[in-house]
Amino acid sequence: MNAIATSSAAQAQQDIVDEFAFFGDWTERYQYLIDLGKQLPDFPEDLKTEDYRVHGCQSMVWLVPSGNAEQMHFQATSDSAIVSGLIALVLRVYSGHSARAIIATEPSFIEAIGLAKHLSPTRSNGLAAMLAKIKAYAAASLGVSQ
């Protein structure tokens, strides 16, 4: 199961790299990110609490885990269009996998599509905070500290 989950996370990352390869410049890539963010499922207002807020992001971001160590799911939202797009990418890679696979999966797509070079420092910090929160939720579901 873990090998399958890890390979499907790897496949999700490769799919993201392939999709971004279609766009010639970063104006188009940012627009694609915004479009992805608009496709996120509606996020319940009652979950926009301090408990689920991701600190370290300049914009407001909420991330809610569900499931268990065998299969974790995440829902998230942001008040920023581009950050919502980043959330959509992160959820594609990490949601629906086991806690062990989540912890083992490095977000290689960030470098592969050039995001690391094209995000502002505050957005990069926010993305790192989201990834850290997802891995912390996964570690907590396993009863280990990250």
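Observations, loosely collected:
Listed here are the residues, each with its yes/no results for (1) out of contact with any strand residue (DSSP E or B) (no Cβ under 6 Å at 6 or more places or on another chain); (2) part of a strand (DSSP E or B); (3) not acidic (Asp, Glu).
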| position | (1), (2), (3) |
| --- | --- |
| Ala76 | no, yes, yes |
| Leu91 | no, no, yes |
| Ala101 | yes, no, yes |
| Glu106 | yes, no, no |
| Ile110 | yes, no, yes |
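- The set of residues in the stretch 89-109 that are more than 18 Å from Ser141 (Cα to Cα) and surrounded by fewer than 19 Cβ atoms within 10 Å (Cβ to Cβ) comprises Arg92, Glu106, Ser108.
- Residues of the stretch 82-100 that are among the polar types (S, T, N, Q) and in contact (Cβ under 8 Å) with a residue 60 or more places away in the chain: Ser98 alone.
- Hits in the stretch 63-94 (condition: of a type in the set (D, E, K, R) and touching a helix residue (DSSP H, G or I) at 6+ places or on another chain (Cβ under 9 Å)): Glu70, Arg92
- Matching option when the condition is at pLDDT below 95, polar (S, T, N, Q) and closer than 17 Å to Ala88 by Cβ, among Gln11, Gln58: Gln11
- Selection status of Ile82, modelled with pLDDT under 95 and β-branched (Val, Ile, Thr): yes
- Residue check for Ile103: within 15 Å of Leu36 (Cβ to Cβ) and either free of Cβ contacts under 8 Å to residues at least 24 places away in the same chain or over 11 Å from the mean Cα position of the chain (by Cα) (or both): no
- Count of the stretch 4-62 residues which are of a type outside the set (Val, Ile, Thr), loosely packed, with under 13 Cβ neighbours inside 10 Å, out of contact with any helix residue (DSSP H, G or I) (no Cβ under 7 Å at 6 or more places or on another chain) and assigned to a loop (DSSP other than H, G, I, E, B): 6
- Residue ID - modelled with the highest pLDDT, chosen from residues in the stretch 118-142 that are among the hydroxyl-bearing types (Ser, Thr, Tyr), over 22 Å from Ser66 (Cβ atoms) and in a helix (DSSP H, G or I): Ser124
- Considering the stretch 111-146, the residues that are surrounded by 19 or more Cβ atoms within 10 Å (Cβ to Cβ) and among the β-branched types (Val, Ile, Thr) include one that is nearest to Glu28 (Cα to Cα), namely Ile113.
The values are calculated or read from the model by the stated rules, or taken from the named source; none is laboratory data. The structure presented is a predicted model; accordingly, all values stated were derived computationally and were not measured. With ideal geometry, Cβ positions are generated from the backbone for all residues, glycine too; neighbour counts draw on all protein chains shown.
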